[in-house]
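J.: One structure, pasted below without further comment.
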Amino acid sequence: MPRPRSPLLSVDAIVTTALELIDETGNFSFPRIARRLEVSQSSLYNHIDNREHIIELIRARVFAEKLEVPVQDLPWDEALRAVVRAYRKCIAAHPRLVQLILTQTVQDPGALAAYETMAMALEQAGLPPQRIVSALSLIDNLVLGSAMELNAPAVVWDPPAGQFPALERALEAPYTVEGRAEAAFELGLDVLIEGLRAQEFTQT
């Protein structure tokens, strides 16, 4: 019996191909996955339920391992900082994925474990439950916004000469897209931690 031209279709192959398409174009579709894998579109449904299933499997792939940060013995602020940085590292590797994972509920156990660690750190900081939800949303805004900035143009602000002097002075500092995004993320993380620390002090 002749060997097949390509490896047998699998969940892993489908997820890999979908992620490749997202990295290249910002989206994926079942017809495009099937064409790239040289299989029929109908055969994909033997392994994948629907588009949402693929997105959640991609979330699991992207967040696997990198979010396993040992923080058990760390103070709440160090633990939170470590997990948030790990979270950004995961998503910054695939910035075009952000718009897709924002559209559906987080179900992947690996991603949820990271949110659990962050929620525990926020509890230790003294935040009540409703404030913890707000803080987790703020962390998402910081991380996902920082990742999306990696797709921004090199020149974000182009003020006419002499009309916006403070902005012009700020823009004299050299930077790259990656450096700007990283610096903004670290500044935001510092502000977040210091703000939470102030919350902790006012509640004791």
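J.: When all protein chains stay in place, what accessible area (Å², nearest 10, 1.4 Å probe) is found for E168?
T.: 60
J.: In deg cm²/dmol, rounded to 500, what helix-only [θ] at 222 nm does the chain give when every DSSP H run of at least 4 residues adds -39500 (n - 2.57) and the total is split over its residues?
T.: Numbers: 10 runs with 131 residues, N = 204.
Counting only the DSSP helices, I get -20500 deg cm²/dmol.
J.: Further question on the same structure: HN-Hα J couplings of the stretch 144-150 from phi, Karplus 6.51/-1.76/1.60, θ = phi - 60°, integer Hz, Gly and Pro as x?
T.: Running phi through 6.51 cos²θ - 1.76 cosθ + 1.60 with θ = phi - 60° gives 5, x, 5, 5, 5, 5, 5 Hz.
J.: How many nm is it between the label spots at V11 and V177, if each spot is 7 Å from the Cα in line with the beta carbon?
T.: In this crude spin-label approximation the distance works out to 3.4 nm.
J.: Order H47, H94, most accessible first, counting only protein heavy atoms with a 1.4 angstrom probe. Could you put the intermediate results ahead of the total?
T.: Numbers: H47 65, H94 35 Å².
Ranking H47, H94 by accessible area, largest first, yields H47, H94.
J.: Here's a follow-up. Ignoring ligands, DNA and RNA, what percent of the accessible area of the chain is carbon or sulfur (1.4 Å)? Let's see the in-between values first.
T.: Numbers: 6720 of 11970 Å².
Heavy-atom surface of the chain belonging to carbon and sulfur, 1.4 Å probe: 56 percent.
J.: Compute the accessible area per residue over the stretch 1-132, keeping the other protein chains in place, probe 1.4 Å, unit Å².
T.: Values: 7500 Å² over 132 residues.
For the stretch 1-132, the solvent-accessible area averages 57 Å² per residue.
J.: A follow-up question, please. Average the reciprocal distances over every distinct pair of alpha-carbons in the chain, invert the result, and give the Kirkwood radius in Å. Walk me through the intermediate numbers first.
T.: On the way: mean 1/r = 0.0513 Å⁻¹.
Radius from the Kirkwood sum: 19.5 Å.
The values are calculated or read from the model by the stated rules, or taken from the named source; none is laboratory data. The model shown is predicted, which means the values in this text are computed figures rather than measured ones. Because the Cβ atoms are built from the backbone with ideal geometry, glycine has one as well, and the counts that use them run over all protein chains shown. Ligands, DNA and RNA are stripped out before the accessible areas are found, and what is left, the full protein with its side chains, is counted by its heavy atoms. Shrake-Rupley method; radii C 1.70, N 1.55, O 1.52, S 1.80 Å.
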